[in-house]
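The values are calculated or read from the model by the stated rules, or taken from the named source; none is laboratory data. Everything quoted here is computed from the prediction, not taken from an experiment. All Cβ positions, even for glycine, are placed from backbone atoms using ideal geometry, and neighbour counts span all protein chains on display. Only protein heavy atoms, including side chains, enter the accessible area calculation; ligands, DNA and RNA are left aside. Shrake-Rupley method; radii C 1.70, N 1.55, O 1.52, S 1.80 Å.
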Amino acid sequence: METFFHQLTQGNALLVIIVLGCGGSFHGGYHVTGLSSPSPYIQHFINSSWCDRYKEPPGPQRVTMIWSLIVSMYAVGGLFGAVSVKLFSRKLGRKRAMICNSLISVLGAVIMLTSKTANSFEMIIVARMLYGYSAGLGVSLHSMYLGEISPRKIRGRVTLTLATFNSLGKLSGQFFGLSEILGRRDLWNVVLCVPVCFSVVQVLVLPFLPETPRYLFIEKRDDKACKQALQSLWGKGDYKQEMEEMLIEHMALEASPLKSPLRLMRDRTVRWQLITMLVVYSCNQMSGMSAISTFSFDIFLNSGVPKDKIRYVTLGLGISEILTSISCSLLIEHTGRRLLFWGGYAVISAIWMVVTVMLNLKDLSWAPYVTFSLIFLFIISFCGGPGAATTTLSSELFTQSDRVAAFVLMGLQRWFMFAVVGLIFPFTIDAFGSYCFTLFAAMSLLGSFYTFFLLPETKGKTLVDISEEFKAITVCGKSFLEREKVETKL
């Protein structure tokens, strides 16, 4: 651990990681939990705004519809942001794209802050969409940036900081939403603008920090600037090994130019990587983490936790999420990625089965405490398992020619699944009651089987080596590459 921190402090790497986190995944985490606390005040504002404008109260259905738009526009914005990552990262580079993304967040905050004075709920909808756009673009850029600045031996630890800042954002959303802080009727628009402070910090500081070495070497073909960036990030050195790895990747890029998302989906050489990310992201979203983050109040209320204690319980969840994420960042280079995936999914599946039993026994005096403890255990298992490993894996699966297109596809899937879970979970609870958690258990079990039998270990390997391992995967004695060879011969 001392060696890791020593490496971070030899150059500007630690500062870059902090600045990226503040303007990147922190926002995604904050806006997931930050809307929960001021929700009754925003709905009251919709009522009063409508009355002032049309001189009559809106019907309950109209208020619900406007509130649903405010909630869902965040995911819609996220989808558009994920699609835009290729345009921004290719045209502007990683660093300037991050700065531009922070400016979008600042614009959203200005609109949100002035919506109350303007007495306009439409401005809240627009601001939420801009927040979502910034989060969708920012998380992809953040992950890409971290993957391209980190040396192979500590790549897992460095990329895992994305998950840590996401957890910190969730905790901040819960903390600032407390009534003792900013969660009051007169400050609902302020609590939704807190992350803009970090966006401003990124806009002011990031211009003085280096661009990613991989982008400079492989895409800009500037080996001198690449070496300067490596020395600025990690301290003085010749970095021959890193430069040689990038040269190999650069030669592979010349043989296979940058791909579009559609072309990437048709490419059989990366089919297993795409399937892996499809399975992992689907299992992550359907493992229950999104539901816990968004609907924690309802879940704890149904499990028997007193209503006035729920906000403090969710704050405890946020703290445990951060501590687990930090602990996992120190262990991931020892345990590898596979164990965190299949072991984490297996434990999560078992937890949800027991939670289902406990919710059916909630009339017993001790059952709510067991349920409460199991949800804490779920947070630890997810954030210290598949949740953490996904961040690292997504930056390791694709070489430079495929990376930008892959991040577009992964971002689209992540935000689509986030929107789907947000839409269907309330109806699932109504339809199945406590048995809805068996769906989470089944998806987690699927993730455990897939990662145990098919996912190769990526720890300590170059991106080219990882690509070759995926090409070697066979099912029933056949691989996608063999099928491609047969088709070519025909």
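Multiply the residue separation of Q43 and T438 by 0.36 nm, subtract the distance between their alpha-carbon atoms, and state the gained length in nm to one decimal. Between Q43 and T438, full extension yields an extra 138.9 nm. Extension gain for I181 to T269 (0.36 nm times residue separation, less C-alpha to C-alpha distance): 26.5 nm. Note on region 1-44: Cα-only Rg and Dmax are 17.2, 53 Å.
Just tell me the longest site-free run in the chain, where the sites are GluC sites (Glu not before Pro) in a DSSP loop having at most 13 other beta-carbon atoms within 10 Å. By the stated rule (loop sites, at most 13 other Cβ atoms within 10 Å), 181-456. For region 316-470, the direction-averaged projected area of the alpha-carbon convex hull comes to 10.2 nm². Every Cα-Cα pair of region 11-209 was included, and the share exceeding 22 Å stands at 47 percent. Ellipsoid semi-axes for region 125-273, based on the Cα gyration tensor and the rule √(5λ), read 37, 21, 14 Å when sorted largest first.
Measuring against 31 Å, Cα to Cα, the residue pairs K95/K116; K91/K116; K170/K227; K116/K170; K55/K309 contain K95/K116; K91/K116; K170/K227; K55/K309 as the ones spanning a longer distance. Annotation for Q241 and L315: the two label points, set 7 Å from Cα along the Cα-Cβ direction, are 4.6 nm apart.
The portion of the accessible surface of region 56-177 made up by carbon and sulfur, rounded to a whole percent, is 71 (1.4 Å probe; DNA, RNA and ligands excluded). For region 321-408, the mean projected area of the C-alpha convex hull, equal to one quarter of the hull surface, is 7.2 nm².
The slack between V357 and N119, meaning 0.36 nm per residue of separation minus the straight C-alpha distance, is 81.0 nm. Tell me, what is the percent relative contact order of the chain, built from C-alpha pairs under 8 Å that lie six or more residues apart? Relative contact order of the chain: 23 percent. Gyration tensor analysis over the Cα atoms of the chain returns equivalent ellipsoid semi-axes of 37, 28, 22 Å (largest first, whole Å).
Per the Kirkwood formula applied to alpha carbons, region 30-86 shows a radius of gyration over Rh ratio, Rg over Rh, of 1.11. Among Y281, Y369, the sequence by solvent-accessible area, most first, with a 1.4 Å probe is Y369, Y281.
Rolling a 1.4 Å probe over the protein heavy atoms gives region 304-415 an accessible area of 36 Å² per residue.
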